[in-house]
Every structure is written in structure tokens, then in C-alpha cells.
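Engineer: Quick one: the structure is below, questions incoming.
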Amino acid sequence: MAGIDKAAIAFSIAIVAVGVGFAFYAGNVQGNAPAVSAPVITKTMEPKTQADPFANIANKVKEEATTTTEKAVEIKEEVKMEEKSAAPVEEKSAAPVEKSSEPQTVSVTIPTGSSSPGCETSNACYSPASITINAGDTVEWKNTDTAAHTVTSGSPVDGPSGVFDSSLIMAGASFENTFDAAGSYDYFCMVHPWMVGNVQVN
């Protein structure tokens, strides 16, 4: 058994020795081989002139800008020619607005619920309770209440003054009076004396 191990070791050493010798021989052969240099080929390259890819675009933009400017100048000249040939526009001054001097009709409402006390606290028995008009104007009282009322010149304390009197104005009816003279005219409802109003005539 020991003999086999010795034989294996000797065989391994022999293989290593052969390999080392072979490597030495190959290195020696390679070192003694004649050196052959590969031919060097030199080729002179002529420089190519590369065209600018944006040159055409720049030229087109310049051409379009020139054309646009020329068109703008032509349009301006046409506009100037049209302005010169157009007839001058005359400015008309606005006529002053005159206040209408014609008689007006002003409405006063007798509101719903004025037949019951309470409207006098807010001065709403006639709506509006006090108005100002011009001489020659007419006041129309419209009864929107369910009860009948009067529009009588004067006051509840002093009684009727005799300037105007509607007598009974039924629900849905109306009464008109034209005031020709300037002055202050108090009035009231004879049926419901808490209802008072005033017309101021200028």
C-alpha cells in the first residue's frame, strides 16, 4: 500500500517537471523568434465641410420677416389712405335734457289693514303719508283695503277744510284731485280719523 502512494507521488512530480520544462522551452522559442512588424497604413483624410442644418431655417425666417414687414407697411399705408379719403365725422353735442313741465299724476295707496288702529304709529295709513308735488299735478288715492275710506282735506281735530273730499272710496276704487295752488294740504279719513296724510305743493 505504501508502495502505491510513493508511486503516485513520483508520478505527480514527473508531470510537474514535464510541464515546467515545456513552459521554459516555449518561452525560449518565443524569445528567439524573429520580430515581424505589421505594416502601418496611413490614410490622409480630407476634412469634410459639414453644412449647417439650421442655415436654411434661418434664411426662411429672414425671408418671412421681410415679407411680413413689407405687408405691414402696405396695410398701414392703405389705412392712412382710407382715413384721408373718409369724410370727417361731425360731433353732435347732446341737447340739454329739459325737465318735463307737463303735469304729473302721483299715486298714494290706502293699504290693507288701515281701517284698524295701529297704522298711525308707523305713519303708514296712507302710503306714502306725505308727498311733494308741483302746482298742476294730480294725486290719485287707490283703496287697496277691504273697507271704505275717505280722503278729506283738513284734520281730525279741526274737521274738514272744504278744499277737497272724496266721499266714500269703496274697496278697489280710487279718487283723484288736481292741486293748482301751492301750499300745504293736510287730509284724513272721516271714517277712520287716525288715518292722516299731507300733500306739499310747490
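Engineer: Among what's in region 121-130 and is of a type in the set (S, T, N, Q) and surrounded by fewer than 16 Cβ atoms within 10 Å (Cβ to Cβ), pick the residue that is modelled with the highest pLDDT.
Structural biologist: The qualifying residue modelled with the highest pLDDT is Ser130.
Engineer: Continuing with this model, one more query. Hey, among the residues in region 149-169 that are aliphatic (A, V, I, L, M) and touching a His at 6+ places or on another chain (Cβ under 9 Å), which one's surrounded by the most Cβ atoms within 10 Å (Cβ to Cβ)?
Structural biologist: Among residues in region 149-169 that are aliphatic (A, V, I, L, M) and touching a His at 6+ places or on another chain (Cβ under 9 Å), the one surrounded by the most Cβ atoms within 10 Å (Cβ to Cβ) is Ile169.
Engineer: Kindly evaluate Gly118 against the criterion of being within 21 Å of Glu102 (Cβ to Cβ) and either surrounded by fewer than 16 Cβ atoms within 10 Å (Cβ to Cβ) or among the β-branched types (Val, Ile, Thr) (or both).
Structural biologist: Here the answer is no, as Gly118 does not meet what is asked.
Engineer: Please go through region 109-144 and pick out each residue that is closer than 19 Å to Ala182 by Cβ and either free of Cβ contacts under 8 Å to residues at least 24 places away in the same chain or in a strand (DSSP E or B) (or both).
Structural biologist: Of everything in region 109-144, those that are closer than 19 Å to Ala182 by Cβ and either free of Cβ contacts under 8 Å to residues at least 24 places away in the same chain or in a strand (DSSP E or B) (or both) turn out to be Ser130, Ile131, Thr132, Ile133, Thr138, Val139.
Engineer: Going by the conditions given, is Asn177 touching a residue at least 40 places away in the same chain (Cβ under 8 Å), closer than 20 Å to Thr132 by Cα and not in a loop (DSSP other than H, G, I, E, B)?
Structural biologist: No: the conditions fail for Asn177.
Engineer: Hey, could you check region 82-108 for residues that are at pLDDT 70 or above and not in a loop (DSSP other than H, G, I, E, B) and say which is farthest from Trp194 (Cα to Cα)?
Structural biologist: Here the residue is Thr105.
Engineer: Does Ser167 count as of a type in the set (Gly, Ala, Ser), closer than 30 Å to Glu102 by Cβ and in a strand (DSSP E or B)?
Structural biologist: No.
The values are calculated or read from the model by the stated rules, or taken from the named source; none is laboratory data. Model, not experiment: these values are computed from the prediction. Ideal geometry is used to build each Cβ from the backbone, glycine not excepted, and the neighbour counts take in all protein chains shown.
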